[in-house]
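One structure is given here, and the rest of the page talks about it.
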Amino acid sequence: DTGVSQDPRHKITKRGQNVTFRCDPISEHNRLYWYRQTLGQGPEFLTYFQNEAQLEKSRLLSDRFSAERPKGSFSTLEIQRTEQGDSAMYLCASSPGPLGNSPLHFGNGTRLTVT
Amino acid sequence: GENVEQHPSTLSVQEGDSAVIKCTYSDSASNYFPWYKQELGKGPQLIIDIRSNVGEKKDQRIAVTLNKTAKHFSLHITETQPEDSAVYFCAAPDGYNDMRFGAGTRLTVKP
């Protein structure tokens with residue numbers, strides 16, 4: 001179990017630019033999640049994949065956000081035309097089963113700063 | 001959907017004392033309640049969880065209690081140490097595909 005890894009750890013970008021983050025989940029977990037965390041708050045759900053299928057998206061996920069998990073392994077989260085309000089920590093997590101009775105295993109996140 | 005409230009938002013204790021963090025949830029169908037610890041610059045890490053078929057679970061200095069009737073659960077840390085200083089989050093599932101988190105408690109253990 002090498003844990004969930006995310007890349008990059010930090011990203012600084014100018015408003016209007018596009019950014020892409022990568023997540024590698026725990027290999028035996030087929031469920032992958034993206035969360036966003038702002039300062040002083042708990043993580044908030046963005047989207048969920050089971051294998052390569054994106055099964056759920058939060059209303060927080062505007063049209064500028066897109067996520068993929070093309071082969072059911074790693075995932076990418078892209079933000080187009082970034083805005084200052086997108087500045088946050090983006091957390092990826094995986095789980096061995098449904099969240100009704102299984103824990104999330106988080107990576108260390110990508111901290112995005114939009115200037 | 002599920003709503004999770006957590007308090008206090010900050011907690012300062014002396015090394016060796018106990019710390020208690022409390023959470024309430026709204027969905028009576030929820031049956032699984034994890035607690036996470038988040039250190040600076042890291043993602044949340046699971047420290048203990050409890051399922052609704054038990055009222056208490058212990059793991060060394062950490063314990064969690066659950067009252068399903070009142071819809072609240074608590075984290076207890078005994079004999080606190082400076083390395084326990086972190087932000088702690090409670091959570092409860094919202095269906096099978098989302099976990100709702102409390103707003104967090106910043107625990108400071110003073111040596």
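Put in line by how crowded their Cβ is, counting other Cβ atoms within 10 Å and starting with the fewest, A:61, B:75 read A:61, B:75. Here the simple spin-label model places points 7 Å from the Cα toward Cβ, and for residue A:51 and residue A:10 these points are separated by 4.0 nm.
With the simple model of a label 7 Å out from the Cα in the direction of the Cβ, residue B:40 to residue B:70 spans 3.5 nm.
Under the criterion of Cα pairs below 8 Å and six or more residues apart, the relative contact order for chain B equals 38 percent. Between residue B:62 and residue B:27, the modelled label-to-label distance comes to 2.3 nm, taking each label 7 Å out from Cα in the direction of the beta carbon. Can you work out the PRE-style zone for residue B:52? Point 7 Å along Cα to Cβ, and I want the residues of region B:75-111 with backbone N under 14 Å. Under 14 Å, as judged by backbone N against the label point of residue B:52, lie B:92-96 of region B:75-111.
Since every read-out is calculated from the coordinates, none of them should be taken as a lab result. Remember, predicted model here, so these are calculated numbers, not experimental data. Because the Cβ atoms are built from the backbone with ideal geometry, glycine has one as well, and the counts that use them run over all protein chains shown.
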